[in-house]
Amino acid sequence: MENGSVVTSFILIQYTEFEDHRYLYFTGFLLLFILMLLTNVIVIIVIYIERCLHEPMYFFVCNLAVNGFYGTVSLLPSVLVNLMSHTYEISLTACLLQIFCVHTYGSVEFSILAVMGYDRYVAICHPLHYHQLMSHRKLCTLIALSWIYPCILFGLYFRLTVQRTFCDRIMEKMYCINFAVVPLSCSETSFQSKIGFVVTFFVVVPQLLMILFSYAQILRICLSASKESQTKALQTCTPHLLSVINYSVGCLFEVFQSRFNMSHVPYKARIFLSLYILIFPPVFNPVIYGISIQAIRVQIFKPFNTWKNKLTPLQVMRK
């Protein structure tokens, strides 16, 4: 196969839908970008600084926030630049880099959610042996695997895309994604599609089985437990379940868009659906964990409470 490429850049034509109100959309995406960065960075810093949060569950939440930060930086700066551009052009190198980042973000997200499900299973089904079963060494192994396994798996498949030459440069997306880029190549793509199915299977199925197994065991324990224990288990699992559901909804939107005819859906709605998986989990996860987990919520609002307590005596003296 040739080393060079006929096409050296792609045109992301979905941006033409935003031309009439580009400044409004730019402002919206900029505020969203700031919100995503701020919420994830706050969670990372709080868990890193506060020693009382140096527990397996919080380290997993921290990794989820790190991956959210990674996904945010992979997408939104490019979106902001293209919204203010009149060519909507992205270089081949930048496009390939974005493909790798976006796909590894999605794969790592699901892997982290899977090991978090296992962590909840151990905490609820084996509470007396939790620290033994979730030792520091096992914690590091699970975190490393949740990053390394999907990155290596997709990286091996991604080599097939990197080695391709491209003859068409018009892409009906707002960002580069593998299934949209491969059909633009000069050669036949059926072999790579089959390999892609195998890679998707190994990225999705083991993690899905881990989540299903974890919650099947949690449900089994809860059915024979007291009302108080059931309530506590529900409170423990709710943030994780919401994150899994939110991520799964984004995946379903992307699958429907890539595999089925969506011409009956309004074009801007399709654009929104394609962005869901890359925008909503990074915004939703730090907010839901920061609000629902008391230990994190207390530490986040601790500086504000301290400031308020210092301010109150001064206000009393003035009166």
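The values are calculated or read from the model by the stated rules, or taken from the named source; none is laboratory data. Since the structure is predicted, the reported quantities are computational estimates derived from the model, not experimental observations. So basically every Cβ, Gly included, is an ideal-geometry build from the backbone, and we count neighbours across all protein chains shown.
When Ile42, Ile90 are checked against the criterion of being modelled with pLDDT under 95, surrounded by 15 or more Cβ atoms within 10 Å (Cβ to Cβ) and either among the charged types (D, E, K, R) or outside any helix (DSSP H, G or I) (or both), Ile90 stands alone in meeting it. Summed over the stretch 181-237, the residues that are within 30 Å of Phe10 (Cβ to Cβ) and among the hydroxyl-bearing types (Ser, Thr, Tyr) give a count of 6. Kindly indicate whether any position in the stretch 192-204 is in contact (Cβ under 8 Å) with a residue 12 or more places away in the chain and over 22 Å from the mean Cα position of the chain (by Cα). So far as the stretch 192-204 goes, yes, one or more of its residues are in contact (Cβ under 8 Å) with a residue 12 or more places away in the chain and over 22 Å from the mean Cα position of the chain (by Cα).
If you go through the stretch 186-203 and keep only what is modelled with pLDDT of 90 or more and in contact with a Cys (Cβ under 9 Å, 6 or more places away or on another chain), you end up with nothing.
Check whether at least one residue in the stretch 235-243 is of a type in the set (A, V, I, L, M) and either more than 13 Å from Gly117 (Cβ to Cβ) or out of contact with any helix residue (DSSP H, G or I) (no Cβ under 9 Å at 6 or more places or on another chain) (or both), and report yes or no. No, every residue in the stretch 235-243 fails to be of a type in the set (A, V, I, L, M) and either more than 13 Å from Gly117 (Cβ to Cβ) or out of contact with any helix residue (DSSP H, G or I) (no Cβ under 9 Å at 6 or more places or on another chain) (or both). Restricting the stretch 183-231 to residues that are small (Gly, Ala, Ser) and within 30 Å of Leu160 (Cβ to Cβ), the residue that is surrounded by the most Cβ atoms within 10 Å (Cβ to Cβ) is Ser185. Checked against (1) in a helix (DSSP H, G or I); (2) out of contact with any helix residue (DSSP H, G or I) (no Cβ under 6 Å at 6 or more places or on another chain); (3) β-branched (Val, Ile, Thr), Ile288 meets all criteria but (2).
For the stretch 232-265, which positions are surrounded by fewer than 14 Cβ atoms within 10 Å (Cβ to Cβ), of a type in the set (S, T, N, Q) and at pLDDT 85 or above? Thr238, the sole residue that qualifies.
Once the stretch 141-180 is narrowed to residues that are under 27 Å from Phe272 (Cα atoms) and among the hydroxyl-bearing types (Ser, Thr, Tyr), the residue that is surrounded by the fewest Cβ atoms within 10 Å (Cβ to Cβ) is Thr161. Take the conditions aromatic (Phe, Trp, Tyr), part of a loop (DSSP other than H, G, I, E, B) and buried (at least 17 other Cβ atoms within 10 Å of the Cβ) and apply them to Tyr118. Does it pass? In short, no.
Of these, Gln163, Gln207, Gln217, which one is within 16 Å of Gly117 (Cα to Cα), over 21 Å from the mean Cα position of the chain (by Cα) and of a type in the set (S, T, N, Q)?
Gln217
Looking across Glu19, Glu50, one residue alone is over 17 Å from the mean Cα position of the chain (by Cα), surrounded by fewer than 17 Cβ atoms within 10 Å (Cβ to Cβ) and under 15 Å from Gly290 (Cα atoms). It is Glu50. Any residue at all in the stretch 106-120 that is among the charged types (D, E, K, R) and over 16 Å from Leu209 (Cα atoms)? No, that holds for no residue.
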